[in-house]
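Trainee: Mind looking over this structure? Questions follow.
The values are calculated or read from the model by the stated rules, or taken from the named source; none is laboratory data. Note that the structure is predicted; figures quoted are calculated from it, not measured. Backbone-built Cβ (ideal geometry, glycine too); neighbour counts: all protein chains shown.
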Amino acid sequence: MVVAVTAIYFRSNIKPHAANGMEEADAVGPAALYLPPDTSQIRQSVHAALIWYGRELIVNTRKYLGPDGIVKQVSNQLNCQNCHLEAGAKTAAYSANFLGVAPNYPLYRDRSGMMETIQFRVNDCLLRSMNGKRLDTASREMKALVAYILWLGKDVPSGAKPVNSKIEQLSYLDRAADTINGKKIYAVKCRLCHGANGYGGYSIDSALYYPPLWGPGSYNTGAGMYRLSRLAGFVKNNMPFGVNHGESQLSNEECWDVAAFINSKPRPHKLFPNDWPDLSKKAIDHPFGPYTDGFSEQQHKYGPFGPIANERRKKIN
């Protein structure tokens, strides 16, 4: 554990908080950075078998739930940990881990306009990121996923917002994101793993699985990663594989551009017409109308986003 804390300190300028054992993030904002419990602790739980199964489902989703899943066929070619890295337990800031779920759910979200349970959120990911179907909330698989997610966040205080559970919001460009430049960046930084066709595959030694970034096996148009801000922020701090916050190989501009290129490619098209019942709260970079402003779907997808944000501020003020 000492080694892990030391590594995080030098990567992110995180200072240990002696009073409560957590760590404060100076360079990454006021939110705290929490470490996940060691997996050796799972055996101490009365639900150990269920928690281990939940972790296995996160790591190898497509094996159990994919098109050829050995348990059910309710998802695509992605594994949950393709976005929620290291079984949803990556420690570095802005790694989209699961540590913030247990202390904050049920949670009201503007996209659905309702209080969401963990089960609802898991199924939402299955419908969108996994381009699949809902799991029965009473199924062993749903119980296992929830048990693992709750176990990961068991030491995080109620209401805490771990910075390592977030995706960084990059500053908006003063131009639209450039798919042509993004294609060049993809060729240099992404193609080696994800392939020229974006369909991913296994490493030469089959030790790593690289997910499809577009095509029929990837996330659909209703997924969070189909919003450029989400994909660009994720890439900034996590890609190419192995990168952590503070070690990015790409500038903010390059992250926006490569995200635009990836999301310009074909993928399953699925609309969710009930999203954002309050249109004034709709995400600026959600590329499907209707909107409460006069900006086009094209601008809502690729930007520039600054004028849209300014227009919204005027309406609020």
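Trainee: From the list ALA102, ALA93, which one is closer than 18 Å to GLY233 by Cα, assigned by TED's automatic domain parsing to the domain that holds TYR148 and small (Gly, Ala, Ser)?
Mentor: It is ALA93.
Trainee: If you don't mind, another one. Please go through the range 267-315 and give me each residue that is surrounded by fewer than 19 Cβ atoms within 10 Å (Cβ to Cβ), farther than 18 Å from GLY222 by Cα and in contact (Cβ under 8 Å) with a residue 60 or more places away in the chain, ordered by number.
Mentor: Within the range 267-315, PRO304, GLY306, ALA309 meet the criteria.
Trainee: Something else: Can you tell me which residue within the range 161-180, out of those that are of a type in the set (Gly, Ala, Ser) and surrounded by fewer than 19 Cβ atoms within 10 Å (Cβ to Cβ), is nearest to CYS83 (Cα to Cα)?
Mentor: SER171
Trainee: Right, next: What's the number of the only condition in (1) in contact (Cβ under 8 Å) with a residue 24 or more places away in the chain; (2) under 18 Å from THR61 (Cβ atoms) that ILE167 fails to meet?
Mentor: Only one criterion in (1) in contact (Cβ under 8 Å) with a residue 24 or more places away in the chain; (2) under 18 Å from THR61 (Cβ atoms) is unmet by ILE167, namely (2).
Trainee: What single numbered condition from (1) in contact with a Phe, Trp or Tyr (Cβ under 7 Å, 6 or more places away or on another chain); (2) under 25 Å from ALA196 (Cα atoms); (3) part of a loop (DSSP other than H, G, I, E, B) fails to hold for ILE284?
Mentor: (2)
Trainee: Here's another thing I want to ask about it. Being surrounded by 19 or more Cβ atoms within 10 Å (Cβ to Cβ), in contact (Cβ under 8 Å) with a residue 24 or more places away in the chain, over 24 Å from ASP174 (Cβ atoms) and small (Gly, Ala, Ser) narrows it down to one of GLY224, GLY233, so name that one.
Mentor: GLY224
Trainee: For the range 83-126, which residues satisfy the criterion of being in contact with a Pro (Cβ under 6 Å, 6 or more places away or on another chain) and buried (at least 22 other Cβ atoms within 10 Å of the Cβ)?
Mentor: Within the range 83-126, ALA89, LEU99, GLY100 qualify.
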